[in-house]
1. Only residues that are modelled with pLDDT of 80 or more, outside any helix (DSSP H, G or I) and of a type in the set (D, E, K, R): list them for segment 1-45, please.
2. Select from segment 75-109 the residues that are touching a residue at least 60 places away in the same chain (Cβ under 8 Å), closer than 22 Å to ALA121 by Cα and of a type in the set (A, V, I, L, M, F, W, C) and list them in ascending order.
3. List pairs: first in segment 21-50 and more than 26 Å from THR10 (Cα to Cα), second among the aromatic types (Phe, Trp, Tyr) and surrounded by 13 or more Cβ atoms within 10 Å (Cβ to Cβ), Cβ under 7 Å, 6+ apart or cross-chain?
4. Would you call THR80 within 16 Å of the chain's Cα centre (by Cα) and either closer than 12 Å to ILE9 by Cβ or not in a helix (DSSP H, G or I) (or both)?
Amino acid sequence: MSTVRIEIITPLIAGPKQCQSCNDFFDDAGITQKINQEVLDSYPTAMWEEYARLSRLVRDLSTRYGGQLRVTLIDPHTPTGLWKSVRHWVRRYPTFIVDGQAKVTGWDQGALESLLRARGARLSARPPAEGTGKGGECCATSHG
């Protein structure tokens, strides 16, 4: 069984990133949680809806294709994301890059699954049991 890589280039929701000294200061002052919440609350509702939609799509693919998929999320606002966006001519989000070559832009799950099958992914005989942690693997998000 082959593994199919899916890189998803889309703007990601992220909390604040400070240097370690600032983190220590905010922790000591007891305001870290408040600052994090303010940053997360600043994202528009539409972005949270896109995040939820993408999350559902990845969970669905993971359930249906099992461990055959390796998913990486890439923020286009990072050096890696900028490079991938230029390399693959990404102009709209989300864009799905399959095995580093073929791409699907937008929410056409049928087109994405056609690419997955063309790259050797097959529907799992039976979905993993709920909460077992088995299924498609999601590796670390690329923040740079």
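1. ARG5, GLU7
2. Answer for segment 75-109, where residues must be touching a residue at least 60 places away in the same chain (Cβ under 8 Å), closer than 22 Å to ALA121 by Cα and of a type in the set (A, V, I, L, M, F, W, C): PHE96, ILE97, VAL98.
3. Listed pairs, sorted by first residue: THR32/PHE26.
4. Against the criterion (within 16 Å of the chain's Cα centre (by Cα) and either closer than 12 Å to ILE9 by Cβ or not in a helix (DSSP H, G or I) (or both)), THR80 qualifies.
The values are calculated or read from the model by the stated rules, or taken from the named source; none is laboratory data. All values derive from a computational prediction rather than experimental measurement. When we count neighbours, we look across all protein chains shown, and the Cβ atoms used for this are built from the backbone with ideal geometry, even at glycine.
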